[in-house]
Number of protein chains: 2
Amino acid sequence: MVSKKIAILGLGTVGQGVFRVLRDHQAKITSQLHHALEVKKIFVRSPEKVTEEFSSQAEIVTDYQEIIADPDIDIVVEVMGGIDFAKQCIEGALQAGKAVVTANKDLICEHGAALSQLAETKELDLRFEAAVAGGIPILNTLRNSFAGDDVTEILGILNGTSNFIISEMTENGSSYQEALAKAQKLGFAEADPSADVDGLDAGRKAVILAKMGFGISLNLDDVMIKGISDLNAVDIEIAKNLGYVIKSLAVLDRQGENFACEVQSFLLEKSHPLAMVKQEMNAVYTKSKAGGEMMFYGPGAGELPTGVAVVSDIIQVAKNQENDDYQVFANYRLDEKVHLSAQANYPYYYRLAIQNQSQGLKTLLGLLNQEGLSINHLGNYQEGVLYILTSPGSYSSHKAIAKQLESAQGVELLASYPIFNEEKED
Amino acid sequence: MVSKKIAILGLGTVGQGVFRVLRDHQAKITSQLHHALEVKKIFVRSPEKVTEEFSSQAEIVTDYQEIIADPDIDIVVEVMGGIDFAKQCIEGALQAGKAVVTANKDLICEHGAALSQLAETKELDLRFEAAVAGGIPILNTLRNSFAGDDVTEILGILNGTSNFIISEMTENGSSYQEALAKAQKLGFAEADPSADVDGLDAGRKAVILAKMGFGISLNLDDVMIKGISDLNAVDIEIAKNLGYVIKSLAVLDRQGENFACEVQSFLLEKSHPLAMVKQEMNAVYTKSKAGGEMMFYGPGAGELPTGVAVVSDIIQVAKNQENDDYQVFANYRLDEKVHLSAQANYPYYYRLAIQNQSQGLKTLLGLLNQEGLSINHLGNYQEGVLYILTSPGSYSSHKAIAKQLESAQGVELLASYPIFNEEKED
């Protein structure tokens, strides 16, 4: 059996996963193709760190041009991460007539449109399933299985680090710092966790989901992003007593011409399918006009799950090449313009310090009233601290109220989160 | 824009759904193809029942040969159900060079291999995503996204009627008969619900999952099937107090050379992702060597969700035809032989009537002991009725114990269910 030759750029966690999945699942892979898949070259920056496991099976190169210039190589797999150099390598590979598979969400978020355009011009595959939600095949599903349906809403738990931390705080009553330390100890959070806990990672994935699910092209700046580092165990406890969990969600919401895309912590009803997504797991929940509600749940990261997602792309590319064919992966284009809003309308949860209850509530009600909002539920957490659930309102209303509360006498806003409710008003 | 012509065989719930999805999502569909998709002919048996909605848009025919013989028709969509006539139509369409999409699980369960073989010989597409779990794109996912991974376990909640009934019994304490009546009233169960509640429907879907997930060809007779009609609210209540839910599951379990495929009610831990699948919803939970655990959740039936699944197949076929191409859908073939066993090893839940506790327990322990089993947990439900959880044992052991209990003095087995535990022993 003739081999199809692959080059891998980068041999970190994902690169090693790709190599091992290709090696360990050869029988099944080969049964689906007319070629075996062989890793011919691996590009790394520090060849001295490469172990025998890899160097005995593939040629280790430190100049990526050796890969671009190698006419034997059919498919280039970019799993280095980073933006500029990865982009240069992918462009070089496409220009040289090689199909590309990447797991690089930062790159696809920023340059996915241009790279897809280049691939289409060259009639080559460019696939990036692993860029969103690791092992969950959500991009393929949005591309193929929703091809005859209109998606109206995507909710994602897209960052395993954040979900692990919130899950620890919820299940074990840990503080944010304790939960973060545990995540770092277990390898679910990096030494500098900021891209994860600040929501940037999930925001980038949301940009890719906007394109693949709705055909809407966004920049990262279009996404309203709030991280989880100010999350307080008190709010998780109050939410629990009210029948909610707190989850950091990416929310993509389309209502006619209006589209909102954001990443932040929400109160979510305990009965919602996403409420059971715990620890480092990821999930994507969709609503669509014909299909109704669906959820796709699985590992959002990890060497082998991400490796499998990359390899499924490689196999698809190999099948296409065997047919002298290619597919445009990000091929759903929306012609209509949408109006981008910061956030859909939600009821909010506020936790407030109030010195004099009757005086404080009067002030609060006045501010809510100015924005046309009212209190749907009120509870006392402890002496001088109460929480309310408001009626649904726009982001600008809630922002205006928060702003005014900064200078209000005797009332202090301690925390506020939108409440995700599938039956939300517009 | 030139149209690609489609014929629909059958205009029941699914046929109407296919028609409406194609009509209502034209803009998105067309944006992905070089052709519009047009329903040219619809085959029905009773043309007088066809309403204006359909007859004004397509030619209604009562002789399917008019479709087979029409050289304009590129894709035949079979959504009639039934086996012999549907098979004849699909064979005719393939012989005439037309690609086929079907939602017919009974047919694919029984003749999927032969029909796939015929399609491959004719170099034509034959797709059947909607045959398993309605709107959930599980077959595409198994085919494409698990292409580089080895599935070891599939658990499915595959029959919406059964899940609705169990869910009603669990949430509202209804009896089986009350829950069935409600399911019939709401349209989730047919007047004759036997294929659903007896487990045959889920068994057929399990046969298709065995092929698509594991590359293993089974007959329906290879699947051990038990329905839900003897389910008692008492067992649901006891299970709940022990931290379990009862769910009717299709279980496909591969341990090396051993493969078990069955449909029956299990005790399932409340924390298992499938435990939250309620009412008429379906879900498929997978474990694979590299990917770990995943779950795919959504509507298992219904006009529009099933219609979307069929239409996603149609769009894929149309894309392939535009490239002068086709794909073998059920293309993962396992060369190795597996040893079929009735069931993997499980601990069991038994509910027993015992007249004299010390005497009865002695008898019971004796029988368990003969099979190398012991009691892991014991509780009293009420005077004279107790329940036990056993250590894990083979199906034949549990069957032998049940058999012996039939003639035992003073001990009567009232109910027994296996306990699904992800950490099960072999």
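Suppose the filter is more than 30 Å from A:Leu242 (Cβ to Cβ), crowded, with 23+ Cβ neighbours inside 10 Å and either in contact (Cβ under 8 Å) with a residue 12 or more places away in the chain or not assigned by the TED database to the domain that holds A:Lys270 (or both); does A:Ala114 pass it? Criteria not met by A:Ala114.
Output the helices (runs of 4 or more DSSP H) that fall wholly within the range B:191-286 and possess 3 or more residues being surrounded by fewer than 16 Cβ atoms within 10 Å (Cβ to Cβ), modelled with pLDDT under 95 and at positive phi, or say none. If you could, list the steps in order and put the result at the bottom.
Values: elements: B:194-197, B:200-214, B:233-241.
In the range B:191-286, there are no helices (runs of 4 or more DSSP H) which contain 3 or more residues that are surrounded by fewer than 16 Cβ atoms within 10 Å (Cβ to Cβ), modelled with pLDDT under 95 and at positive phi.
Taken over the range A:8-17, the residue count meeting the criterion of being under 18 Å from A:Ser312 (Cβ atoms), more than 9 Å from chain B (Cβ to nearest Cβ) and open to solvent by less than 20 Å² (accessible area, probe 1.4 Å) is 2.
Here B:Gln327 meets each of (1) open to solvent by 10 Å² or more (accessible area, probe 1.4 Å); (2) within 7 Å of another protein chain (Cβ to nearest Cβ) with one exception, condition (2).
Here is a check on your reading of the model: is B:Ser265 in contact (Cβ under 8 Å) with a residue 12 or more places away in the chain, over 25 Å from B:Leu37 (Cα atoms) and either acidic (Asp, Glu) or within 9 Å of chain A (Cβ to nearest Cβ) (or both)? Show your work before the answer.
Working: in contact (Cβ under 8 Å) with a residue 12 or more places away in the chain: yes; over 25 Å from B:Leu37 (Cα atoms): yes; either acidic (Asp, Glu) or within 9 Å of chain A (Cβ to nearest Cβ) (or both): no.
Judged against the criteria, B:Ser265 is not a match.
Quick check on A:Asn320: is it open to solvent by less than 40 Å² (accessible area, probe 1.4 Å), within 14 Å of chain B (Cβ to nearest Cβ) and modelled with pLDDT of 90 or more? Here the answer is yes, as A:Asn320 does meet what is asked.
From A:Glu322, A:Glu371, grab the single residue that is of a type in the set (Asp, Glu), in contact (Cβ under 8 Å) with a residue 40 or more places away in the chain and either out of contact with any Pro (no Cβ under 9 Å at 6 or more places or on another chain) or assigned by the TED database to the domain that holds A:Leu274 (or both). Please lay out each step first, then the result.
Numbers: A:Glu371 fails: in contact (Cβ under 8 Å) with a residue 40 or more places away in the chain.
Only one candidate passes the filter, namely A:Glu322.
Can you tell me which residue is nearest to B:Ala309 (Cα to Cα) among those in the range A:278-295 that are more than 8 Å from every other protein chain (Cβ to nearest Cβ) and over 14 Å from the mean Cα position of the chain (by Cα)? Taking the candidates together, the pick is A:Lys287. Those strands (runs of 3 or more DSSP E) of the range B:335-426 in which 3 or more residues are at pLDDT 95 or above occupy B:348-354, B:375-382, B:385-390, B:411-420. From the list B:Tyr381, B:Tyr395, the one residue that fits, being surrounded by 18 or more Cβ atoms within 10 Å (Cβ to Cβ) and not assigned by the TED database to the domain that holds B:Ser265, is B:Tyr395. Scanning the range B:297-311 for residues that are more than 7 Å from chain A (Cβ to nearest Cβ) and either small (Gly, Ala, Ser) or in a strand (DSSP E or B) (or both) turns up B:Gly300, B:Ala301, B:Gly302, B:Ala309. Residues that are surrounded by fewer than 24 Cβ atoms within 10 Å (Cβ to Cβ), within 13 Å of chain A (Cβ to nearest Cβ) and over 22 Å from B:Ile419 (Cβ atoms) occur in the range B:148-159; there is at least one. Looking only at the range B:120-141, residues that are more than 14 Å from chain A (Cβ to nearest Cβ), touching a residue at least 60 places away in the same chain (Cβ under 8 Å) and open to solvent by 10 Å² or more (accessible area, probe 1.4 Å) come to 1 in all.
Could we say that A:Asp253 is outside the structural domain of A:Lys399 (by the TED database), in contact with a Cys (Cβ under 7 Å, 6 or more places away or on another chain) and more than 30 Å from A:Val317 (Cβ to Cβ) here? Against the criterion (outside the structural domain of A:Lys399 (by the TED database), in contact with a Cys (Cβ under 7 Å, 6 or more places away or on another chain) and more than 30 Å from A:Val317 (Cβ to Cβ)), A:Asp253 does not qualify.
Scoring A:Met294 on the criteria (1) outside any strand (DSSP E or B); (2) free of Cβ contacts under 8 Å to residues at least 60 places away in the same chain leaves a single failure, condition (1).
Close Cβ contacts (under 6 Å, 6 or more residues apart or on different chains) running from residues in the range B:357-368 that are touching a residue at least 24 places away in the same chain (Cβ under 8 Å) to residues that are assigned to a helix (DSSP H, G or I) comprise B:Leu367/B:Ile401; B:Leu367/B:Gln404.
Return the only residue of A:Gly360, A:Gly410 being open to solvent by less than 10 Å² (accessible area, probe 1.4 Å) and more than 30 Å from A:Pro137 (Cα to Cα).
Among A:Gly360, A:Gly410, only A:Gly360 is open to solvent by less than 10 Å² (accessible area, probe 1.4 Å) and more than 30 Å from A:Pro137 (Cα to Cα).
Number of residues in the range B:27-62 that are open to solvent by 50 Å² or more (accessible area, probe 1.4 Å) and either under 21 Å from B:Val14 (Cβ atoms) or among the small types (Gly, Ala, Ser) (or both): the value is 14.
Here's the yes/no breakdown for (1) in contact with a strand residue (DSSP E or B) (Cβ under 7 Å, 6 or more places away or on another chain); (2) touching a residue at least 12 places away in the same chain (Cβ under 8 Å):
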residue: B:Pro71; (1), (2): no, no
residue: B:Val76; (1), (2): yes, yes
residue: B:Ile83; (1), (2): no, yes
residue: B:Gly97; (1), (2): no, yes
residue: B:Leu107; (1), (2): no, yes
residue: B:Leu118; (1), (2): no, yes
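Across the range B:64-78, the number of residues qualifying as open to solvent by 20 Å² or more (accessible area, probe 1.4 Å), of a type outside the set (Ser, Thr, Tyr) and within 24 Å of B:Ser312 (Cα to Cα) comes to 4.
The values are calculated or read from the model by the stated rules, or taken from the named source; none is laboratory data. From a predicted model like this one, the values you see are computed outputs, not experimental measurements. All Cβ positions, even for glycine, are placed from backbone atoms using ideal geometry, and neighbour counts span all protein chains on display. To get the accessible areas, we keep the full protein, side chains included, count just its heavy atoms, and leave off ligands, DNA and RNA. Shrake-Rupley method; radii C 1.70, N 1.55, O 1.52, S 1.80 Å.
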